[in-house]
Amino acid sequence: MEAPLPGVRTHIPSFAPPRLRALRWLALGLAALALAGCSRGGPSGAEGRKVALSPCRLEGVASQALCGTYEVFEDRAAKAGRKIALRVVVVPALAAQSEPDPLVLLAGGPGQAASRVPQVLLALERIRRKRDIVLVDQRGTGGSNPLECEPHPLEEGLAARFDDSGAAEKLRKCREGWAADVRHYTTPNAMDDLDEVRAALGYDKINLWGVSYGTRAALVYMRQHPDRVRTAILDGVAPMSLYLPLNAPRDGQHALDALLAHCAKDAACAKAYPDLRPRTEGLLAKLAAEPARVHVPHPLTGVPEEFTLSRRAFLSELFSQLYSPEMASLVPLTLDRVARGEWAPFVALSVGQSEGAGHTVSHGLYYAVVCAEDAPFYDAAAVEREAKGTWFGPDMGLETLAICADWPKAALPAGYREPVVSDVPTLLLSGELDPVTPPAWAEDAKRTLSHSLHVVVPGVGHNTVGADCARTLMNDLLTRGSVEGLTPSCGTSLTRPPFFTSFAGPVP
């Protein structure tokens, strides 16, 4: 298997089951962004820049960046009333003579802030040699009037961590405290914000890199401002035909079925965990009849705790573990232990995910987007129909509908959910094992993108940037300004990571 970059997660989980505690890590729109090297020179559009930028340091990033704010009207149509100060970050190209068009990150979630990168990675090193990297926190995230709602702080105990009740009331209370009219926190408004920032920074054209939900944002920008996009990279593609979280149970089940089938065919995994599927089904039946009483030491403090774990909470955690093949390689082991009544490994894996994500997601922005752009287009019957026959069931969609029932109604452009038609050179990247934006969604988007190439990376989950071949394709697209001549395959030697057959790791 091709080795990922040191410290790089080969997944960028973004779409989340709408349970608030799960969003903390599931809505990580970006965990792999490289801003390596020392800052030299300035942004290519500095001559025409209308944004005051000053040297700054991003948390976890070694090289210096330039930071500032740009104000936009919250109500863009009225052009009056409250203003939002958007956080803007430019990481200058390393070359003294850089290319005029930067790479602009559109982070996932919805709710992830583009500027909140948890660690320095090497994914964009080649791109940054010649191009600025631009990070703009979408309205409602990060440093742009964030719609924060942290239902269960990481410091709380396991009982709160695994509580899956009262989400609608928690969101309602958070909403009452926001200095925001949530009707205006939609993707179309955010992409018009971005175009204002582009102009204010002095860039004539930009290259878009959308990740997960960020691919929807990129598509919307391509439709609203087609003349300003030189190229687009869509990684983990969410076309306008994908609805959050309506399609998640089916796509997640497909990924889980593939994992269990792979384990059954793998001699070492099948020997270590015989009859894993029926045993897990038996566990789910028990949890449906009665939630489990779990007694484990807290994975971080070692203090013994007791809490109740419902079937719904268990499946939400299991869903999240499918995003990364490296994480999923532990799933057979944890399922085997849980089926024996040993909950500590499963709890440790879940808590580790939350700790890794940290406080990075604006949960309110997730619902501001979903309640405006997704939930109005399906009902409970559709949720039940899409979830039928899956382990994950309709809970995700039904909870979203409950939360959105009293959410202030937003206005969308006419035909918003129509496919985006564009001739912008577009590279679509999909992970073979992605549980939320599997390759079929990229194929759906590709039908109306006349100059596009779709590449599936084998053995990879949600986001492909950890694969060197994907980074090469990204760089080649930006260099050429076209998909013509790009390699149509990627990582043919990549495979799913071997399953852990014990806590010592896979069989050597």
Of all residues in the stretch 390-431 being charged (D, E, K, R) and within 30 Å of A285 (Cα to Cα), the one that is surrounded by the fewest Cβ atoms within 10 Å (Cβ to Cβ) = E399
Kindly provide the set of residues from the stretch 391-449 that are under 21 Å from the mean Cα position of the chain (by Cα), of a type in the set (K, R) and more than 15 Å from Y243 (Cα to Cα), ordered by number.
-> K446
T464 being under 18 Å from the mean Cα position of the chain (by Cα), at pLDDT below 95 and closer than 20 Å to L242 by Cα | yes
Sole exception among (1) among the small types (G, A, S); (2) surrounded by 16 or more Cβ atoms within 10 Å (Cβ to Cβ); (3) in a helix (DSSP H, G or I) for G461, by number = (3)
Show the residue pairs that are 6+ apart or on different chains and have beta-carbon atoms under 6 Å apart, the first residue being within the stretch 302-322 and over 14 Å from L335 (Cβ atoms), the second being among the acidic types (D, E) and not in a loop (DSSP other than H, G, I, E, B).
-> R312/D395
Taking V361 and the conditions (1) touching a strand residue (DSSP E or B) at 6+ places or on another chain (Cβ under 8 Å); (2) more than 23 Å from V456 (Cβ to Cβ); (3) surrounded by fewer than 20 Cβ atoms within 10 Å (Cβ to Cβ), which numbered condition does it fall short on, given that it satisfies the others?
-> (3)
Residue match in the stretch 422-441 (condition: among the small types (G, A, S) and assigned to a helix (DSSP H, G or I)) = yes
Of L154, L121, which residue is aliphatic (A, V, I, L, M), at pLDDT below 95 and surrounded by 24 or more Cβ atoms within 10 Å (Cβ to Cβ)?
-> L121
Condition test on G48, is it at pLDDT 95 or above, out of contact with any Cys (no Cβ under 7 Å at 6 or more places or on another chain), under 18 Å from E196 (Cβ atoms) and assigned by TED's automatic domain parsing to the domain that holds A199?
-> no
Failed condition for A440, given (1) out of contact with any Pro (no Cβ under 9 Å at 6 or more places or on another chain); (2) farther than 18 Å from Y323 by Cα, with all others met?
-> (2)
May I ask you to say which residue of E169, E176, E150 is farther than 16 Å from E74 by Cβ, touching a residue at least 12 places away in the same chain (Cβ under 8 Å) and either outside any loop (DSSP other than H, G, I, E, B) or in contact with a helix residue (DSSP H, G or I) (Cβ under 8 Å, 6 or more places away or on another chain) (or both)?
-> E150
Wholly inside the stretch 320-398, helices (runs of 4 or more DSSP H) that include 1 or more residues that are hydroxyl-bearing (S, T, Y) are 331-339, 344-357, 363-373
Matching residues, the stretch 190-199, being surrounded by fewer than 24 Cβ atoms within 10 Å (Cβ to Cβ) and either of a type outside the set (G, A, S) or at positive phi (or both) | M191, D192, D193, D195, E196, V197, R198
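The values are calculated or read from the model by the stated rules, or taken from the named source; none is laboratory data. Values in this document were obtained by computation on a predicted structure and should not be read as measured data. Glycine also receives a Cβ, built like all others from the backbone with ideal geometry; neighbour counts cover every protein chain displayed.
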